[in-house]
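The values are calculated or read from the model by the stated rules, or taken from the named source; none is laboratory data. Quick caveat: nothing in here was measured; it's all calculated off a predicted structure. Heads up, the Cβs are rebuilt from the backbone with ideal geometry, glycines too, and the neighbour counts pull from every protein chain shown. In case anyone asks, the SASA skips ligands and DNA or RNA and just uses the protein heavy atoms, side chains included. Shrake-Rupley method; radii C 1.70, N 1.55, O 1.52, S 1.80 Å.
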Amino acid sequence: MSHKAGFVNIIGNPNVGKSTLMNAFVGERLSIITSKAQTTRHRILGIVNGDDFQIMFSDTPGIIKPAYEMQESMMNFVKSAFEDADILIYMVEVGEKELKDEDFFNKIIHSRIPVLLLLNKIDKSNQEQLEEQVNLWKEKVPNAEIFPISALGNFNVSAVFDRILELLPESPPYYPKDALTDKPERFFVNETIREKILLNYDKEIPYACEVETEEFKEDDNIIRIRAVIMVERDTQKGIIIGHKGSAIKKVGIQAREDLEKFFGKQIHIEMFVKVNKDWRSNAFQLRRFGYNQK
């Protein structure tokens with residue numbers, strides 16, 4: 001029996017539902033999902049295995065015009081998604097009319113690999129709007145197959161998955177057949193804590209934070225974690241901690257609940273806050289946190 005395997009890379013503007021879609025495909029919450037833009041900072045690989053196939057889904061940061069070095073690195077992750085894709089998913093939402101970067105858009109319309117254009121959040125439109133949008137994108141991206149979907153409502157997602165299976169090249173698996181992702185456990189600890197920061201704080205605070213797991217000790221029944229939340233200024237440190245530690249305690253409780261579901265074990269988590277001045281513009285610090293890996 002022949003075996004199929006390939007890389008399916010998801011790109012699009014911020015907040016169009018890319019992470020929701022990948023999590024729907026993979027069946028696990030690997031990518032951060034919040035209503036704030038730019039929540040995905042890295043390329044996250046989610047692997048779906050069947051008897052005769054293996055699909056590597058890659059969720060990428062939303063396409064933006066970079067304002068500082070960390071965002072430059074985020075856009076490098078998107079560029080790399082064009083290089084190794086067997087199938088490209090270009091995701092837009094109802095009402096959207098363009099990609100925020102013309103160079104990326106040109107790459108899509110001149111792509112030599114299959115492009116699936118997913119028109120997401122169709123539950124927020126009527127039939128007339130939907131038809132207008134389908135016609136608009138047919139004109140703009142004539143090389144794409146268009147699928148209206150609702151990633152959150154799981155509408156038409158299975159039709160997209162079936163089409164991906166048809167388009168996959170024949171290949172042996174790239175990863176062990178029980179693999180779920182290429183990321184280490186600490187990465188998901190960091191991302192889970194960062195998600196809770198995004199949910200609990202406003203304005204610039206979440207974007208000035210990075211999380212680093214310094215200790216991850218796993219026993220039979222419990223995982224002990226020590227994590228550091230990096231911020232850029234002393235004032236941000238005070239806000240993260242909150243009055244008598246109330247704010248950081250709330251983040252810890254929420255993160256622990258999600259991590260216990262993710263790992264299927266009891267979690268003991270300790271968190272500290274450190275000031276790491278201007279880390280988002282420091283090339284050395286960005287490499288340390290997994291950015292700037294070209």
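A compact table of results
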item: Estimated D of the stretch 185-289 in µm² per second, where Rh is the Kirkwood radius over Cα pairs and Stokes-Einstein applies at 20 °C, 1.002 mPa s; result: 153 µm²/s
item: Projected label distance in nm at Phe262 and Ala179, using a 7 Å step from Cα toward the beta-carbon; result: 1.9 nm
item: Cross-link pairs beyond the 29 Å C-alpha cut-off, checked among Lys203/Lys244; Lys121/Lys249; Lys140/Lys203; Lys97/Lys183; Lys177/Lys217; result: Lys121/Lys249; Lys140/Lys203; Lys97/Lys183
item: FRET E, pair Asn106, Arg233, Förster distance 41 Å, beta-carbon r, rounded to 0.05; result: 0.55
item: Cα-based Rg of the stretch 108-250 normalised by 2.2 N^0.38 Å, two decimals; result: 1.52
item: Relative contact order of the stretch 185-289, pairs being alpha-carbon contacts under 8 Å that are 6 or more residues apart, as %; result: 29 percent
item: Segment Leu199-Glu145, extension gain: residue separation times 0.36 nm, minus the distance between their alpha carbons; result: 16.0 nm
item: Solvent exposure of the stretch 85-162 as accessible area per residue, Å², 1.4 Å probe; result: 55 Å²
item: Cα centroid separation, the stretch 200-271 to the stretch 121-149 (Å); result: 40 Å
item: Approximate spin-label separation Asp51-Arg287, in nm, with each point projected 7 Å along Cα-to-Cβ; result: 4.8 nm
